[in-house]
Structures are given as C-alpha cells and as structure tokens.
Amino acid sequence: AALAGVTLTPDLYCCAVNCVGATDLEITYHYRGMDADMRNDDFDYREVWVGPNKEYRSETSPIRMIERIKVPTFHAYGKNDPVVEFDHWTRLKRELKKYNKPFEFLVEEDQGHGFDRGKASIEFYERLERFLAAHLKE
C-alpha cells in the first residue's frame with residue numbers, strides 16, 4: 001500500500017515505509033505462497049486482489065512507476081519470506097537506483113514475512129524510528 005501511495009498519488013506523502021511489500025503484481029500473481037490458489041465465494045486472490053489480466057497488473061504494479069516517487073522510502077524484507085518472494089526487493093532496489101531515488105533498506109537473512117524474532121525485530125523498529133524522525137514533517 002505504501003508503494004502504491006507514493007507511485008499513484010506521490011504528492012500526498014513526505015516519506016513511505018514498505019515492509020515486506022509486493023512490488024510487482026505479475027510476480028504476486030504467479031507466486032503468493034499458500035493462499036495463491038484459494039478460491040471460494042468470498043475470496044479469489046489472483047483475479048480479484050492481484051488483477052484479472054497481465055495488462056492490468058503491468059499498469060498498476062508499483063515497480064513500473066518508480067520514477068514517480070518524490071519522497072524518501074524505507075524498505076524491509078526477510079530473505080525467508082514464504083509469502084512475498086525476495087525477488088520483489090531485488091527488482092525494486094534496482095529500479096530505485098536506476099531512477100536515483102533516496103531510499104534506505106533492511107534485509108534480514110533469517111526473517112520471513114515480517115520482523116518478529118529477537119534482534120531483527122529490535123533493529124527493524126530502531127531503523128524505522130530513525131527514518132520516520134528524519135522524514136516526517138511536524
């Protein structure tokens with residue numbers, strides 16, 4: 001959501017925090033962990049939540065609109081994430097550098113979808129606090 005915000009409505013933000021976020025809806029469509037194929041009357045993840053076709057996913061993926069970002073961003077990913085493929089971060093980092101966007105990041109080798117274990121959790125919140133203190137307007 002943070003990346004959608006700063007790419008679709010970039011003038012509304014002074015900074016953004018992306019924690020284990022999907023950046024490319026095409027990757028998400030094809031790989032989304034254990035709930036990717038779940039279907040019932042209330043939930044059709046791929047078509048409804050990610051996008052009905054490749055054109056829609058391409059047009060709405062934050063990774064394809066990085067040039068629109070106007071604010072500093074902070075990104076946190078775990079290499080063992082069973083929900084969001086680590087390739088989201090690999091591609092995003094490349095695009096942020098390509099467009100010379102200011103960003104900070106934290107990648108944890110032993111974390112999954114979130115930072116909930118010991119030192120990694122503490123480091124995440126310390127880095128997050130410093131980032132927000134530096135970039136939130138009073």
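In this structure the amide hydrogen of Phe74, modeled in the peptide plane, comes within under 5 Å of the amide hydrogens of Ala16, Val17, Asn18, Glu104, none closer than 5 places in sequence on its chain.
Rolling a 1.4 Å probe over the heavy atoms of the protein chains gives segment 45-138 an accessible area of 61 Å² per residue. 3J(HN,Hα) along segment 62-78: x, 4, 8, 10, 4, 4, 7, 5, 10, 10, x, 10, 10, 10, 10, 9, x Hz, from the Karplus curve 6.51 cos²θ - 1.76 cosθ + 1.60 with θ = phi - 60°, whole Hz, x for Gly and Pro. Model label points for Ala134 and Lys119, set 7 angstrom from Cα along the Cα-to-Cβ axis, are 2.2 nm apart. Across segment 104-112, rounded Karplus estimates of 3J(HN,Hα) from the backbone phi angles (6.51 cos²θ - 1.76 cosθ + 1.60, θ = phi - 60°) give 10, 8, 9, 10, 10, 4, 9, 9, x Hz, Gly and Pro being marked x. The HN-Hα couplings worked out from phi for segment 15-21 by the Karplus form 6.51 cos²θ - 1.76 cosθ + 1.60 (θ = phi - 60°) are 5, 8, 10, 10, 10, 6, x Hz, whole numbers, x standing for Gly and Pro.
So which chymotrypsin sites (Phe, Trp or Tyr not before Pro) in segment 69-138 are both in a DSSP loop and have at most 15 other Cβ atoms within 10 Å of their Cβ? Working shown, then result.
On the way: sites: Phe74, Tyr77, Phe86, Trp89, Tyr99, Phe103, Phe105, Phe115, Phe124, Tyr125, Phe131; in loops: Phe86, Tyr99, Phe115.
Hits after loop and neighbour filter: Phe86, Tyr99.
The values are calculated or read from the model by the stated rules, or taken from the named source; none is laboratory data. Only a predicted model underlies this, so the values are computations on that prediction, with no experimental measurement involved. Cβ: placed from backbone, ideal geometry, glycine included. Neighbour counts: every protein chain shown. Remember, those area values only see protein heavy atoms, side chains included, never the ligands or the DNA or RNA. Shrake-Rupley method; radii C 1.70, N 1.55, O 1.52, S 1.80 Å.
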